[in-house]
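Following this message is one structure expressed as C-alpha cells.
Nothing in this text is a laboratory measurement; each read-out follows from the coordinates by a stated rule. Worth saying up front: this structure is predicted, and the values here are computed from it rather than measured. Here the Cβ positions follow ideal geometry from the backbone for every residue, glycine too, while neighbour counts run over all protein chains shown.
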Amino acid sequence: MSDDTEILTLPLDGWHRAKGARMVPFAGYAMPIQYEGIMAEHLWTREHAGLFDVSHMGQLILSGDDVAGALEKLVPGDVSALKEGRMRYSLLLAEDGGVLDDLMVTATSTGFYVVVNGAVKHQDIAFLRAKLPDSIAINHLEDRALLALQGPKAVAAISRVVPGVDQLYFMEADLFLWGEVPLWISRSGYTGEDGVEISVAAEHVEALADALSAQLEVKPIGLGARDSLRLEAGLPLYGHDMDPTTDPVEGNASFAVSKRRRQEGGFNGAESILKALSEGPKRKLVGFSVEGKMPVREGAPIFAGDTQVGVVTSGGFAPSVGAPIAMGYVAAGHNSIGTALEAEVRGKRVPLTVAQMPFIPHRYHRKGAPK
C-alpha cells in the first residue's frame, strides 16, 4: 500500500480504540490487530467467545431473472440447489479457472447474499458487473457492518441478546430482530469454531457490539488471532494461500466443485479443473508440522534434499497446538501425509512434515451430528 493511499475507517473505529486496540492498515482499512495480545485472544476464542469486526468484507445482494444460472458460470458450486436460508462456500473463478476470490453464498427470498474478501471486493464487483447479464442487479451493502462471534460459548452468549439464534445449524442463516433492528445472522465463521456472523446497519453496530461484549463469555479479538485461528483450522487466506495463479484442485478446495457441476461443467475453467480432478494436480496446498520452535513464514522455500519442491504460503506459532505450523504448495510426489521436507529460514534448514489439516478438529454445530 503506497503512502498516499487513503486508509478508511470502520464504523467501530472509535470503539476499537476505546477498548485499547492496536490498529494497523489492512485491506485499505484501519483495523484492530490485537487488544491484550494475540496468544491470549486466540485461546480465549477457543475456550469462550471472541467478537471480531469484519466490516471490511464486501456484502453483496445479487438478484434478477435466473440469477443462479448466471452465477454458476462464474463459480463451481451448485448454488441453484440452495434453499432459502442455506449457504455454501464457493470460489469466484477467472476464465482460465484461477481463483479470483473465495466467498460465501446464501440463498434469500430474492436472490443471493454474497460475502467477499475485503482486499478484493471492488475487483470482485467489477468482475461480476462485467460477466453477469445486465438483468442481474448487484447491490453493494456499503451501509452495513459485519461482526463475527466465534467460540464454543458464542451462540449461548448471543442467544441472550437475540433469542432464537440457537435454532440455527451450521451454514444456515435467517433474519432476526434485535428490538426493532433487523439482523441477518448466519451460523458460520472462519475460525473452525461454532459461532455466527451478523450483518447489521452501520448505525446500530456500536450498540450491538456493546450488548455482545457485555456478556461474560465475550471479549473483542483482533486480526492477529483471527489469522492464527484460521491457520489452525486449515482454512486458506485469500491472497496468500489462494490467488489467480491457483485453481480449486491444487488449492485443496475440490469440495467446492459440486457433484452436479463436475458432471455438467459450464463454469469458468471447467475443462482444466475437471482434468485436474481426474488426473491429480501438479502441486497441492498442504499443511505442515514444524520441528522445533522457529516459525516458518510465508515465502520460505521448501526442499526435498537439494531440490526445491514448494513454498510456504502461511505460517506461524499455533497457540492451541503449542508449536509452529504452516501451510504451502508442494509438488506432486512430495505432498503425501507424513512426507519429511525442509524449509529454508534465514539460511537455515527447518524440518517439516506434511500434516493432516485441520490441525485441530472443527467444532461446527452441524445438523444431524451426534450430540
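Which whole-Hz ³J(HN,Hα) couplings does the stretch 249-256 yield from phi under the Karplus relation 6.51 cos²θ - 1.76 cosθ + 1.60, θ = phi - 60°, glycine and proline marked x?
6, 5, x, 6, 10, 4, 4, 6
Take the Cβ-Cβ distance between ARG346 and GLU180 as r, set R0 to 56 Å, and report the resulting FRET efficiency rounded to the nearest 0.05.
In this case the efficiency is close to 0.45.
Now a separate question. With a cut-off of 8 Å between alpha carbons and a minimum separation of six or more residues, what is the relative contact order of the chain in percent?
18 percent
So which of LYS121/LYS367; LYS284/LYS348; LYS73/LYS275; LYS73/LYS367 end up more than 22 Å apart, counting from Cα to Cα?
LYS121/LYS367; LYS284/LYS348; LYS73/LYS367
Short version: ³J(HN,Hα) in whole Hz for each residue of the stretch 333-349, in order, from phi by Karplus 6.51 cos²θ - 1.76 cosθ + 1.60 (θ = phi - 60°), x for Gly and Pro, what are they?
In residue order, the calculated couplings are x, 10, 10, 6, 4, x, 5, 8, 9, 9, 10, 9, 10, 6, x, 10, 8 Hz.
While we're here: May I ask for the net charge around LEU132, where only other residues with Cβ less than 13 Å from the Cβ of LEU132 are counted and Lys, Arg are +1 while Asp, Glu are -1?
-2
Which far-off residues, 5 or more places away or on another chain, put their amide H under 5 Å from the one on THR313, with H placed in the peptide plane?
Here GLY299, MET327, GLY328, TYR329 satisfy the definition.
Order these peptides, 264-277, 29-42, by their mean beta-carbon neighbour count within 10 angstrom, highest first.
29-42, 264-277
How much length is gained on full extension from ALA304 to HIS240, taking 0.36 nm per residue of separation minus their Cα-Cα distance?
Between ALA304 and HIS240, full extension yields an extra 20.8 nm.
Run the reach check for LYS19 against aspartates and glutamates, Cα to Cα strictly under 15 Å, same-chain hits fewer than 8 apart removed. What comes back?
GLU36, GLU41, ASP53, GLU206, ASP210
What FRET efficiency would be calculated for the residue pair HIS362, ASP65, taking the C-beta separation as r and a Förster radius of 45 Å, to the nearest 0.05?
0.75
Could you give the length gained on full extension between LYS259 and GLU203, defined as 0.36 nm per residue of separation minus the Cα-Cα distance, in nm?
Fully extending the segment from LYS259 to GLU203 adds 16.0 nm.
Which value in nm describes the separation of the simple spin-label points at ALA331 and ALA130, placed 7 Å from the Cα toward the beta carbon?
Each label point lies 7 Å from its Cα, and together they span 3.4 nm.
State, as an integer percentage, the relative contact order of the stretch 282-371 based on alpha-carbon contacts under 8 Å between residues 6 or more apart.
RCO, the stretch 282-371: 34 percent.
Would you please give the residues with an amide H less than 5 Å from that of LEU100, counting only those at least 5 places away or on a separate chain, with H modeled from the backbone geometry?
Amide H to amide H, under 5 Å and 5 or more residues apart or across chains, LEU100 pairs with LEU92, LEU93, ALA94.
Debye sum, Cα scatterers, the chain, no solvent: what log₁₀ I/I(0) at q = 0.06, 0.12 1/Å?
Here the Debye-derived log intensity ratios amount to -0.22, -0.95.
Once amide H atoms are built 1.01 Å from N in the peptide plane, which residues 5 or more positions from ALA343, or in another chain, come under 5 Å H to H?
Result for ALA343 returns PHE303, VAL350, LEU352.
Say each of THR353 and ALA156 gets a label point 7 Å from the Cα, pointing the same way as Cα to Cβ; how far apart are those two points in nm?
If labels sit at THR353 and ALA156, their model points lie 3.5 nm apart.
Which order do the peptides 155-165, 344-354, 318-328 take when ranked by the mean count of other beta-carbon atoms within 10 Å per residue, highest first?
318-328, 155-165, 344-354
Tell me, what ³J(HN,Hα) does each residue in the stretch 219-229 have, in order and in whole Hz, if you take phi through Karplus 6.51 cos²θ - 1.76 cosθ + 1.60 with θ = phi - 60° and put x for Gly and Pro?
9, x, 10, x, 4, x, 5, 4, 6, 5, 5
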